[in-house]
Amino acid sequence: MSQRVGAIVDAHSTGRYLPAAFREFGVACVHVQSTPEIPEFFRRDFEPSSFQEHHAHTGAVAETAAWLAARNVEFVIAGTENGVELADALSERLGLATNGTAQSRDRRDKGRMAEALRRAGLRAAVDHRASDPSEAVAWAVAQDQWPVVVKPVDSAGTENVHFCHDSAAVRSAAEKILGTVNRVGSVNRQLLVQQYLKGEQYYVNTVSADGGHYVAEIWSDETKEIEGAAVVSDREDLLPRSGERQEAIVAYVRDVLDALGLKWGPAHTEIMVTAAGPVLIETAARPVGSILPEAVTAATGDNHATLTAECYAAPEEFARRIPLPYALRKQVSMISLIADRSGYVESADGLSLLDRLPSYWGILSKISEGADVRRTVDILSSPGHVYLLHDSQQQIMRDYLQLRSWESSGLLYRVAPRPGC
């Protein structure tokens, strides 16, 4: 019997965990690279040895589809943001489980995303698409509802998201965004000026099969506003599945996924619960980024990668999950480290202090002696993510406060300016 094979497009970030998850079901993976070169930010996350074969997409969908068909792949899925549209096109062409191409741009373009929600009668932020700074300023001034959010229409990880309190800030943000290449390799030719959503922020990780949506995790997302940018993630807490707030969030998120035509595979959806109810920030049709899957498994018994693998490799088994709630076996929080300056890591010895925390589970870190560090202005510039797991949320909070104290005093890691800078 020949081995079962599937394909992953751009297996970066959390996508790098997918091949191991599929191997547990006896499925090997081949890799498709959507661009001639892997974007620099993602190169360190790519593990080519995890794949049987590798194919660099040249732009011809028919050619790449033929390469995959010759290998009898059972599925084509995106490992990260920049692979979403190609995965849609390939899976559709091959007649596999697919979200299709009809709404591919709705799932990538944040402006079109909001329009799709409004067509479906769902709450969405008021926004305006602009292609030059003056247009962005004019719309914001006409709205006269400050602050506003200025961000690219197509990016990831809160990159270049700005909270603007006046027209000068809008113009400055627009000038920073337009014409630049974002981290998923697209040129920012347009931007969104968007209503500022006031409320409590959450995100929901789901896996869908044939239009049914399994809710894998609901996290509250505490953020901090950063001068010169927007917000950075501070602390994320995994919530129990049950609760009045959770039910309202889940109902809205399922409607969002339907409105965006998302029938198959993983999704990461960020929302703000406002006084009017949940409102979408954005949905990404790929696995959640910046996670230690084993930490989530320790808390719930599964993680976004293992559930994605089950969805495609054992769909009948996965279908039985869809109406069921996840179980929270342990309390878990993810703390995003926040560097207050750019430079290099002069000392990382203080990371050993984390072992003193009763709830410390592990760290996903870019910190090593001599490594470059950027001032944290978005999710992707955080130098690391620390997982705290414990039976007691109170213990986690005590450890969180201690961690922040060590970080702010330079005891956890020390960043110094590069000589000559």
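The values are calculated or read from the model by the stated rules, or taken from the named source; none is laboratory data. The model shown is predicted, which means the values in this text are computed figures rather than measured ones. Counting neighbours? That spans all protein chains shown, and the Cβs are built from the backbone with ideal geometry, glycine included. Remember, those area values only see protein heavy atoms, side chains included, never the ligands or the DNA or RNA. Shrake-Rupley method; radii C 1.70, N 1.55, O 1.52, S 1.80 Å.
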Do any trypsin sites (Lys or Arg not before Pro) in region 126-208 lie in a loop, going by DSSP, with at most 16 other beta-carbon atoms within 10 Å of their beta carbon, and if so which?
-> ARG189, LYS198
Counting only protein heavy atoms with a 1.4 Å probe and every protein chain in place, the carbon and sulfur fraction of the accessible surface of the chain in whole percent equals 49
Extending each Cα 7 Å along its Cβ direction at THR180 and GLU135, get the distance between those two points in nm, one decimal.
-> 2.0
Once every Cα of region 282-421 carries one equal point scatterer and solvent is ignored, give the base-10 log of I(q)/I(0) from the Debye formula at q = 0.17, 0.20 Å⁻¹, two decimals.
-> -0.97, -1.18
Along Cα→Cβ, 7 Å out, is where each label goes; now give me the distance between the ones at ALA319 and GLU247 in nm to one decimal.
-> 2.8
Compute the distance in nm between two label points, each set 7 Å from the Cα along the Cα-to-Cβ direction, one at ARG356 and one at ARG4.
-> 4.9
Specify the inter-centroid distance of region 357-376 and region 166-215, based on alpha-carbon positions, in whole Å.
-> 26
For the chain: accessible area per residue (Å², 1.4 Å) | 42
Can you give the alpha-carbon Rg of region 243-359 over 2.2 N^0.38 Å, where N counts its residues?
-> 1.34
Any chance you could run the full-extension gain for GLU74 through ALA20? It's 0.36 nm times the residue separation minus the Cα-Cα distance, nm to one decimal.
-> 17.8 nm
Would you kindly state how much longer the chain becomes between ALA60 and TYR344 on full extension, computed as 0.36 nm times their sequence separation minus their alpha carbon distance, in nm to one decimal?
-> 98.1 nm
With a length cut of 18 Å (Cα positions projected on each helix's long axis) and a Kyte-Doolittle mean of at least -1.0, go through the chain and give me the DSSP H helices that pass.
-> 244-259
Relative contact order for the chain using alpha-carbon pairs under 8 Å, separation at least 6, rounded to a whole percent?
-> 14
Computed D for the chain, Stokes-Einstein, Kirkwood radius over alpha-carbon pairs, 20 °C, 1.002 mPa s, to the nearest µm² per second, is 96
Stretched fully, the stretch from ARG119 through ALA168 gains (0.36 nm per residue minus C-alpha distance, one decimal, in nm) 14.3 nm
